[in-house]
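Colleague: Mind having a look at this structure? Questions to follow.
The values are calculated or read from the model by the stated rules, or taken from the named source; none is laboratory data. Everything numeric in this text was worked out from a predicted model, so none of it was measured. Every residue, glycine among them, receives a Cβ derived from its backbone with ideal geometry; neighbour counts consider all protein chains shown. Calculation scope for accessible area: heavy atoms of the full protein, side chains included, ligands and nucleic acids excluded. Shrake-Rupley method; radii C 1.70, N 1.55, O 1.52, S 1.80 Å.
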Amino acid sequence: MHLPWRNHSFLFFSLHWTMTQPDRESVMNLPGLDPLPIKSTRTPAAATHKSDTSLDRPVCLPRASLARRSSPRLFGNPARAALMGSSQALALWVVITHLLSLGGGFASCAWPSSATHDDAGCLSWRVMVEANNARGWRTVPAPCVGYVKAYMTRGQYGRDLDSVMEQVSAYVDQIAAAAADGLDAWIFDIDDTCLSNLLYYQAKRFGAYDPMAFKKWASQGACPGIPPVLGLFAALQEKGFKVFLVSGRDEQTLGSCTSQNLESEGFSGYERLMMRTPEYRGQSSSLFKSAMRKQLVDEGYRIRGNVGDQWSDLQGDNVGDRVFKIPNPMYFVP
């Protein structure tokens with residue numbers, strides 16, 4: 001028989017519901033009862049963030065440790081259980097019983113009670129960026145510089161990127177194989193899609209875009225490749241798709257070093273590298289890339305997929321059958 005609490009989303013919803021009921025504060029203030037390490041979901045009106053504060057992340061406790069710290073303290077005192085209310089106590093009991101019953105090696109995770117609300121506002125800002133609700137911003141908000149650095153370097157970016165690649169792979173598995181005429185195409189952006197500029201933006205503390213400074217960085221040809229995207233790139237080629245790389249970089253000044261950088265990081269065998277030529281200087285990225293895609297469609301190519309880290313990579317004309325947005329809270333390109 002299927003038990004609803006076997007579903008993890010049910011477990012954490014139950015725990016959240018239990019600890020956010022009206023009498024939560026009275027439970028937490030009982031003498032001798034340490035606050036449960038559950039982070040409040042309330043978002044402050046104005047979030048402030050210290051640049052070296054780490055991402056919100058759970059502290060994982062061994063199963064035995066959880067048993068010692070949670071079960072006796074929550075349920076060893078009948079008065080406390082009564083104060084919590086029978087329905088709340090039952091819901092929390094279901095959660096903890098389930099966690100304690102899981103097999104060896106399981107580490108139960110709970111949010112540190114010392115965590116502040118600082119990251120909550122920055123998380124909301126990042127969600128707005130990825131949903132394209134935040135537009136026209138020139139720099140990462142000062143209170144969120146530390147948050148963005150932590151997001152990009154401490155694992156969450158990598159997990160989010162892997163999730164995007166899983167969605168792309170599922171889509172590729174669903175569509176028909178590339179046609180024999182060789183006209184089924186995919187489009188990839190370059191900066192922070194194929195090649196990472198994290199080192200550059202981190203050194204600038206995610207400040208405003210500086211064309212001269214970025215040109216100096218890119219001309220070194222030292223941008224690291226992004227492995228999950230390289231894996232997708234290779235898989236599409238194996239399936240017979242033509243891959244086009246479309247970049248807003250200036251072809252005249254950065255064409256040679258960009259192609260060498262791509263080659264050194266494993267991005268080889270693509271159909272064409274399309275960069276900004278003099279007639280497109282001064283145009284927005286969205287207009288420039290729409291023009292490049294139109295050119296491909298006029299040549300007879302069918303754009304089956306389009307991958308980029310900016311919404312301007314994925315909007316406009318002839319965007320393709322599906323678009324896939326790679327996370328990037330470091331900068332905005334109109």
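Colleague: Could you order the peptides 207-213, 227-233 from most to least packed, using the average number of other C-beta atoms within 10 Å per residue?
Modeller: The peptides rank, most packed first, as 227-233, 207-213.
Colleague: Sticking with this structure for a sec: Can you give the FRET efficiency to the nearest 0.05 for K239 and L199, using r as the Cβ-Cβ distance and R₀ = 35 Å?
Modeller: 0.60
Colleague: I'd like the accessible area for E130: 1.4 Å probe, protein heavy atoms, all chains in place, Å² to the nearest 10.
Modeller: Probe radius 1.4 Å; accessible area of E130 about 40 Å².
Colleague: Sticking with this one: Determine the principal axes of the Cα atoms in the range 143-265, then give the extent along each, sorted from largest to smallest and rounded to whole angstroms.
Modeller: In descending order, the Cα extents are 48, 36, 21 Å.
Colleague: Hey, another quick one. Which of the peptides 324-330, 183-189, 131-137 is most tightly packed, and how do the rest follow, going by the mean number of other Cβ atoms within 10 Å of each residue?
Modeller: 183-189, 324-330, 131-137
Colleague: Using r as the Cβ-Cβ distance of A179 and S284, and R0 as 45 Å, what FRET efficiency do you calculate, to the nearest 0.05?
Modeller: Plugging the Cβ-Cβ distance into 1/(1 + (r/R0)^6) gives 0.85.
Colleague: How large, in percent, is the carbon and sulfur part of the accessible surface of the range 194-296 at a probe radius of 1.4 Å?
Modeller: Carbon and sulfur together cover 53 percent of it.
Colleague: Give me the count of lysine pairs in the range 190-318 whose alpha carbons sit under 18 angstrom apart, restricted to pairs 8 or more positions apart or on different chains.
Modeller: 4
Colleague: Under 18 Å Cα to Cα from K149, which aspartates and glutamates show up? Leave out anything in the same chain fewer than 8 places away.
Modeller: D52, D56, D118, D119, E130, D160, D191, D192, D309
Colleague: What is the extension gain from W137 to L230, computed as 0.36 nm multiplied by their sequence separation minus the C-alpha to C-alpha distance, in nm to one decimal?
Modeller: This chain segment gains 30.6 nm when fully extended.
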